[in-house]
Amino acid sequence: MPHHPPGHITQKHRASSLLLGFRHSGPVAHLAVHLHGDIDAVSAEEVGGLLDEALSGGPEARDVDLSAVAHINTDGIVPLFSALKKERLRGTHMMVVGASPHVWAALQRVGFDRALAHQQGDGS
């Protein structure tokens with residue numbers, strides 16, 4: 001993997017609801033997947049496919065950044081659950097970062113926060 005300064009994001013793929021890149025933090029590379037816009041029934045299939053592609057390899061540190069997600073509903077959370085399950089099977093960890101209070105509340109309503117905590121060993 002080429003050397004980049006810390007914090008650098010190398011854009012790999014851009015679609016209507018996904019920006020994928022590698023974020024380098026010092027000597028450790030983190031895969032950063034940046035979602036934006038609304039994640040709902042209309043975009044869920046595309047987001048799921050692109051998350052599958054993005055998370056299929058690479059570094060063990062993987063972040064899904066929701067800071068630019070304006071709205072997410074149950075249909076939009078399904079691909080996140082699927083990605084989390086696949087990461088568990090690979091033995092890697094997925095972190096969700098940057099979620100607004102509105103988006104985080106939607107994730108909590110369906111138990112996604114508990115699934116993340118369980119994956120990280122912080123909950124049951």
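When residues in the range 22-48 are screened for being of a type outside the set (A, V, I, L, M) and modelled with pLDDT of 65 or more, 10 of them pass.
From the list 51, 19, 66, the one residue that fits, being modelled with pLDDT of 60 or more and in a helix (DSSP H, G or I), is 51.
Pairing residues of the range 90-102 that are on the phi > 0 side of the Ramachandran plot with residues that are open to solvent by 50 Å² or more (accessible area, probe 1.4 Å) and in a strand (DSSP E or B), at Cβ distances under 7 Å and at least 6 apart in sequence or on separate chains, gives 98/67.
Could you please find all residues in the range 96-119 being of a type outside the set (A, V, I, L, M) and either within 16 Å of the chain's Cα centre (by Cα) or loosely packed, with under 14 Cβ neighbours inside 10 Å (or both)? Result: 98, 100, 101, 102, 104, 108, 109, 111, 112, 113, 114, 119. Taken over the range 55-76, the criterion of being in contact with a helix residue (DSSP H, G or I) (Cβ under 6 Å, 6 or more places away or on another chain) and under 12 Å from residue 35 (Cα atoms) is satisfied by 66, 69, 72, 76.
The values are calculated or read from the model by the stated rules, or taken from the named source; none is laboratory data. What you are looking at is a predicted structure, and each value in this text was computed from that prediction instead of being measured. FYI the Cβ positions are ideal-geometry reconstructions off the backbone, even for glycines, and counts take in every protein chain you see. To get the accessible areas, we keep the full protein, side chains included, count just its heavy atoms, and leave off ligands, DNA and RNA. Shrake-Rupley method; radii C 1.70, N 1.55, O 1.52, S 1.80 Å.
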